[in-house]
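Contents: one structure, followed by commentary.
The values are calculated or read from the model by the stated rules, or taken from the named source; none is laboratory data. Note that the structure is predicted; figures quoted are calculated from it, not measured. All Cβ positions, glycine included, derive from the backbone under ideal geometry; neighbour counts span all protein chains shown. Keep in mind that these areas ignore ligands, DNA and RNA; they rest on the heavy atoms of the full protein, side chains included. Shrake-Rupley method; radii C 1.70, N 1.55, O 1.52, S 1.80 Å.
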Amino acid sequence: MPTFTMPSLFGLDLSKLDLSKVQLPKFDMSNVQLPKFDMPKFDLPKFDVSKVDVPKVDVDRLGDLARDTAYAGVGLVAVTLQKAAERGREIQTEITTRARQLADAIA
């Protein structure tokens, strides 16, 4: 079995934890049978598009829409990154709090 050295987290020496006594549950999935399902067969309807009028495209307006879409996309990415950074700070605070509680419990 490969060896693994436990890291130190927030000044807490995790190498003193004896993980060899941890019993993980074993799941026997050999008798599990998934139900069989046959997809129904169907034909897609056929449409006659020869009589459909296609509107003319205003190329200048299309460029404006593409620019506006790009701005909206950049804005969404910026908001997402801000939310991710905020959540990362919350997680870091939670880990620090729990590590201190664990250190106090071990000491």
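Here are the numbers for the structure shown:
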item: Of (1) 34, 20, 10; (2) 35, 24, 15; (3) 55, 34, 11, the label for semi-axes √(5λ) of the Cα gyration tensor in Å derived from the coordinates; result: (3)
item: With DNA, RNA and ligands ignored, accessible area of residue 74 (1.4 Å probe; Å², nearest 10); result: 100 Å²
item: 12, 17, 44, reordered so the largest accessible area comes first (probe 1.4 Å); result: 44, 17, 12
item: Crossing angle, helix 59-106 versus the chain [Cα axis fit, 0-90 degrees, rounded to tens]; result: 10 degrees
item: Solvent-accessible area, 1.4 Å probe, carbon plus sulfur percent, for the chain; result: 61 percent
item: Å² per residue, accessible surface of the chain at 1.4 Å; result: 104 Å²
item: Extended-chain gain in nm, criterion 0.36 nm per residue less alpha-carbon gap, residue 87 and residue 36; result: 14.2 nm
item: Of 76, 11, 25, farthest towards positive along the dipole that unit charges on Lys, Arg, Asp, Glu beta carbons give the chain; result: 25
item: Computed E for residue 21/residue 95 - FRET, C-beta separation, R0 22 angstrom, nearest 0.05; result: 0.35
item: Sites matching chymotrypsin sites (Phe, Trp or Tyr not before Pro) across segment 24-107 that sit in DSSP coil, with at most 15 neighbouring C-beta atoms within 10 Å; result: 27, 37, 42, 47
